[in-house]
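Report on the following structure.
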Amino acid sequence: MTHDEHTAPDRHRRSGALGLRFPRRTRGPVSPPATGASARRRLRRLQIRLTLAYALTTLVGVGALSWLVIRTDARSWESAEYEEMYRRASVSASLLYYDDHGLELDGLHDDEATTGRIQVGVVRAGPDGRLSTVFTSFGTGLSVPAAQSDRIVRSAMRRDTTVRTEGHAHDGRPVYLLALPFYNDETHRTAGAVVTIGGPGQGHAEHRRLETAVLTGSAVLTALAAVAGQLISGRSLRPAWEALEAQERLLADAAHELRTPVAILRGSVDIADRDPQGVERHLPRIRRATDRMADVVDNVLVRGRLRAAPDTYEPVPLRLDQLVEQICDELTPSGAPITQHLHESVVEADPALVRIATRNLLDNALRHGRTPGDPRDRAEVEVTVLGPTIAVADRGPGVATGDLPGLLERFRSPGGGTGIGLALVQEIAAAHGGSITVAQRPGGGAVFALTLRNTVPPRPRPWRLLRLRLPGSRKTHEPGDRMRG
């Protein structure tokens, strides 16, 4: 049995009545619009751009920090080396003195200041201003070109202060140079300078190790930032992905569901336009098509609402029996009579959602629950309200319990239906914490039962309940006025 849309025979019979042939409806979901793929590509590109922006920002920040750390460490080692060179130069200058024989260097040969990796030299200026090296701690002359040592010595003597600079040894290695002037005890004039030569040495190796560690850590941190940026951007764009998917589902549902009523409406209008007797006798068919379109639009919008925000329904105390009676009164004039067994029931539910679910069940039964062999081809439908359950029974071919999952799938049905009516009923039931079930009806047919979870026990008057009064509805049941046939 098909409990969601027209079966194939129904479609052929309807098209024959109108004298038209409508294209066969394809099974399966409607392909999403081409704009959906474009929007997905834009979202992916946006995610990639956000990831790159996050990674580049992290790289710039980490790079600046790494540069600061490396530069600070290099200056720290350089300052430490110059301080040690200055200490040795100061000690060496204090050991120099003048006597009758001139400048004495005896104190330099066995002092710790002139031993070690830092070279110490004494350069003296002659009466003619020429410079000569009178002592070197290594005993082989200064390890830098004479021009470099002469330049720093003359600068220290001219400024009468300590001078330091950088240079290169004979073998091209970078070195640090420091010159401290010393004075003639008799004339109290600068007589030369003590020159110390050092280099990065062990500090340079330590600095290189720190530089390697900092750069490696920066690369790893940047990679982790890129991964984190990918995850964060994906999480940030998740609402956009969900909104896009909801939009695609809404468009696909609308396009799929409106196809048949639009075709029927157009065919009816074309026939009425060619009918010389006028359009009056075609108006009922056109009205049914427009009603069907209105129902489709309601179903699609409610489905989109449930998909987008399943927890935003608004439950209120609702007289379930009165709601069902109003729906039956609306459907009866345009279809077969509906036998009603209504027992007073109050539930906490969203009236709009329950109304659509109930109407879908009844509309499904009226269209597909026809009694086999009935010459009038009319459906025999019964609706029962008992507690939080709405049961709709018909006399159609029936549905096996195992086929219910297929009936509740969007655009799929084992019996040939391809609508979303029953799938929407299931979603509305799930939103209320309830369920939908199907069973064989004794004597033939099927019984669909919609059960809601939140039930409010009936209370005596003057407690006021929500009473749904719609334009055109005739009356509602009061307690004790049950079992209408």
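Any read-out appearing in this document is the output of simple, stated calculations on the displayed coordinates, not a laboratory observation. Values in this document were obtained by computation on a predicted structure and should not be read as measured data. Here the Cβ is made from the backbone with ideal geometry for all residues, glycine too, and neighbour counts use every protein chain on show.
Points worth noting:
- Ranked packing of 440-447, 148-155, most packed first, by mean Cβ within 10 Å: 148-155, 440-447
- Amide hydrogen proximity for ALA169: with H placed 1.01 Å from N in the peptide plane, the residues at 5 or more positions away or on another chain lying under 5 Å are VAL175.
- Pairwise FRET efficiency - SER236 versus ALA213, Cβ, R0 = 41 Å, nearest 0.05: 0.80
- With the biggest extent put first, the Cα atoms of segment 193-253 measure 93, 20, 11 Å across the principal axes.
- Sequence-separation-based contact order of segment 97-144, relative, with Cα cut under 8 Å and 6+ spacing, percent: 27 percent
- Over every Cα atom in segment 41-153, the radius of gyration and the widest Cα-Cα span, Dmax, amount to 26.5, 94 Å.
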